[in-house]
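Got a structure here, written out as structure tokens. Questions coming.
What follows draws every value from the coordinates through simple rules; no lab data is involved. Since the model is a prediction, treat every value here as computed from it, not as a measurement. Don't worry about glycine lacking a Cβ; one is built from the backbone with ideal geometry, like all the others, and counts go over all protein chains shown.
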Amino acid sequence: MFTSTLPRVHVVGANAYGYTTAILLLLQGYKVTMIASTFPGDPDYYSTTYHADDTTSHWQTFASISDASLQRKYNTWPAMLKLTLSFSTLDLEYDSSTFKMLWKLAKCKAVESGIMIGDSFKYYQNPTEDQLNPWWKHIVPGFEIIQQQELPKDVKLGYHYTTVLINTKRYISWLQTQFLSMGGRQRKTKINKLLDAITTQDHVNIIVNCVDDLQLEASSTTQSDPSTKLCTNQWIVRASQVRKSVNVKTKDGDMYIYPRGDGTIVVGSRRQGTSHSQENPTDVLETLSGYCPELKWGKGLASLEIIDHHSVVKSIRNHGPRIENQFIVTPSGRKLAVTHNYGHNGYQSTWGSSKRAIRLVNEAHARLEKDSQSMSELLSHL
């Protein structure tokens, strides 16, 4: 029986990126402990920073065509196992790689994972160059530009394609189940700073950080990453007749509808700023019904049941996610490798960016091993 000699790694952040990274670490042979203040299944999980982000409950990329790492075209659909394990041989980039993995899950694990395949419609009132020529049109099936005569009067561009829709609460629970069934551990710890993830009794030299804006130490003076504030108002609405996602980009922000596969939909609006202005859901639904007539099927908008509502202000990193290694020495003299995998805006890059994080963990482990050997050699000459 094969026994891995790879060390234990602590992953900070019980979110989609944390669990995905942890699962891939386990597949590589690492021993993994998930460190978080709260976990899926806890009563307060969804009221914390780890709550499921329903505003991103379908695959959509935010990457620009100017991002050279995302301009490649991928025409092969590798098997799920190969897609999961072949980190060193497949140069899979974040968003496209994740789409392929989520598509596979929707095909074979739809009920368990909460991922389904569905239609998506996007409309733009003032399209940018990136939106006029989306780099990802060759990745999603059935991509087509909507003819001008079929667009609402205030829209200059629209397209339709097939994508994956994610019931985020079910999906995060499914990821947690996979992690635990593979032998992963969870440890509940109040996390105020990154070094809270280890104790003096832990024989751990590698930490993976999947939490935004977490300083190494409470006294750290490191400046926060430049970011943009987005204010989101959204409602969970019972509307089983709506089975497509709709996103409308305006000059001020965007409005959206995302079905969750359980008879409910997420309806919301998002714009820059920090104001928690309470929008009227009737106004938002009325506007969106012009793009999604199914909202008025049956007895009309007045009959729609609003189950839940919340407003949130979220910081989005201006320079994209942070995925890199950092080597530090703790106050006690312990050398640590920290692999950062945070700053993502949605679920669209979970698998791709986590695969990159695994490669970085491997590099960090090799470097720490080399340093340890060098020290042993030095001591042997005393």
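Please list, in order along the range 354-360, the HN-Hα scalar couplings obtained from phi with the Karplus expression 6.51 cos²θ - 1.76 cosθ + 1.60 (θ = phi - 60°), rounded to whole Hz, x for Gly and Pro.
Rounded to whole hertz, the list is 5, 5, 4, 4, 5, 4, 5.
As an exercise, use a Förster radius of 22 Å and the Cβ-Cβ distance of L180 and D202 to find the FRET efficiency, rounded to the nearest 0.05.
Efficiency, from the Cβ-Cβ distance: 0.65.
Highest first, please rank the peptides 22-31, 359-368 by the mean number of other Cβ atoms sitting within 10 Å of their residues.
Ranking, from highest mean packing down: 22-31, 359-368.
I'd like the Karplus ³J(HN,Hα) series for the range 15-21: coefficients 6.51, -1.76, 1.60, θ = phi - 60°, whole numbers in Hz, and an x wherever there's a Gly or Pro.
10, 4, 6, x, 5, 5, 4
Sequence-distant or interchain residues sharing an amide H contact under 5 Å with G273, placed H: which?
Under 5 Å from the amide H of G273 lie the amide H atoms of K229, L230, C231, each far enough along the sequence or on another chain.
For the residues C231, C292, C210, what sequence is obtained by ranking on other C-beta atoms within 10 Å, fewest first?
C231, C292, C210
While we're here: Using each residue's phi in the range 94-111, evaluate 6.51 cos²θ - 1.76 cosθ + 1.60 at θ = phi - 60° and report the 3J(HN,Hα) Karplus result to the nearest Hz, with x for Gly and Pro.
Values per residue, Gly and Pro as x: 3, 6, 5, 5, 5, 4, 5, 5, 5, 4, 4, 5, 5, 6, 10, 9, 4, 5 Hz.
Expressed in nm to one decimal, what extension gain is obtained for the pair S311 and D44 from 0.36 nm per residue of sequence separation less their Cα-Cα distance?
Contour length minus the Cα-Cα distance gives 94.4 nm.
Moving on. So what is Rg over Rh here for the range 277-336, counting just Cα atoms and using Kirkwood for Rh?
Reported Rg/Rh (Cα atoms, Kirkwood Rh): 1.39.
Please compute the length gained on full extension between E217 and L132, using 0.36 nm multiplied by the number of residues separating them and subtracting their Cα-Cα distance.
So the chain would gain 26.2 nm between E217 and L132.
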